[in-house]
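Here's the structure we're looking at; comments come further down.
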């Protein structure tokens, strides 16, 4: 059975925490990293809540899985901060939520 | 108020060489013609870890999936190729190229709204009795009575007190001289991220105009795609 939009976006939210952990050594950006996790996590959750149970578009699951793998592969903390701002937007696009 | 070429110091020489690299112009032209999904792909791939194009195609089913047409796929493949070319150049070099690409993209988009002869790069703005700013603007539109100054950044982390103060000072000094200057911050990053970064800043931001990944086409005078 194809996955639902909300289940895929919950996977993306988990990736936010992974990236925040990688970004942790940059102490000067600690607040910014926490803010990004809060703001983007909220945005992903809002779309997930609005589309609970809706079947995800074709290829969205593979996209989210590959995004999660990419997030997990980031080892440089600066790059992790860059990815915190990019990964959630890509996840939203993958499930057809555009630039929300 | 008047405009002046930036000093030809070491930074300017190094940066000019990067700006002149054909890869920068190729990326800027592709991104000027692109829509939001392709621009997001460029940001992701130039920020990313993997250089495997198929991995990026998997992450962007909107562009490469079963429902995308040949034209969309071709345009996206061109953006992906140029983005991976930048990403493959190593951390420091990719960082310099990314900044140069945002400046060049800004120039290409502005050319759709104002005469190319009015658009200049790396210029300082001088005001009567005011010490010259250290950093030149990436792009200026030098039209009497309707000047524009653009500070271009790859990501929201480029938003800081120094940048906000410089833009605010320029705008206020122009008003003091009875001139009109539109000061704009161009960030090749998501609007939500930029607002998050801006929210913690205490520097003045009244009248700040900000262009983000979703709204780049406003510089060309066209609607958001």
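Observations on the model:
- Against chain B, whose longest principal axis comes from its Cα atoms, helix B:91-110 is set at around 70 degrees.
- Nearest-ten-degree value, helix A:77-94 long axis tilted from longest Cα axis of chain A: 10 degrees
- Of A:1, B:210, the sequence from fewest to most neighbouring Cβ atoms within 10 angstrom is A:1, B:210.
- Burial ordering of B:188, B:3, fewest other beta-carbon atoms within 10 Å first: B:3, B:188
- Rounded to 10°, Cα long-axis angle of helix B:10-19 versus longest principal axis of chain B: 40 degrees
- Principal semi-axes in Å for region B:10-97 [√(5λ), Cα gyration tensor, largest first]: 26, 14, 8
- The protein assembly as shown pair-distance distribution - Cα-Cα, 10 Å bins, rounded %: 6, 26, 34, 23, 10, 2, 0, 0
- Residue B:25 versus residue B:132: modelled label distance in nm, points set 7 Å from Cα along the beta carbon direction: 2.8 nm
- With contacts taken as Cα pairs under 8 Å and at least 6 residues apart, chain B reaches a relative contact order of 20 percent.
- For chain B, the Kirkwood radius over C-alpha pairs fed into Stokes-Einstein at 20 °C and 1.002 mPa s yields D = 117 µm² per second.
- Extending 7 Å from Cα along the Cβ direction at residue B:73 and again at residue B:200 yields two label points whose distance is 4.3 nm.
- Taking the C-alpha atoms of region A:5-94, convex hull volume expressed per residue in Å³: 65 Å³
- Rounded, prolate or oblate (a/c below 1.5 giving rounded, otherwise prolate when a/b exceeds b/c) for region B:82-145 by Cα gyration tensor: oblate
- For chain B, the 222 nm mean residue ellipticity estimated from helices alone, with every DSSP H stretch of n ≥ 4 adding -39500 (n - 2.57) and the total spread over all residues, rounds to -14500 deg cm²/dmol.
- Antiparallel %, DSSP beta bridges [both residues in the protein assembly as shown], to 5: 55 percent
- Mean Cα-pair separation over length for region B:10-97, i.e. relative contact order, pairs under 8 Å, 6 or more apart, %: 36 percent
Read-outs: derived from the displayed coordinates by stated rules, not from any lab. These numbers were taken from a predicted model, which means no experiment stands behind them. All Cβ positions, even for glycine, are placed from backbone atoms using ideal geometry, and neighbour counts span all protein chains on display.
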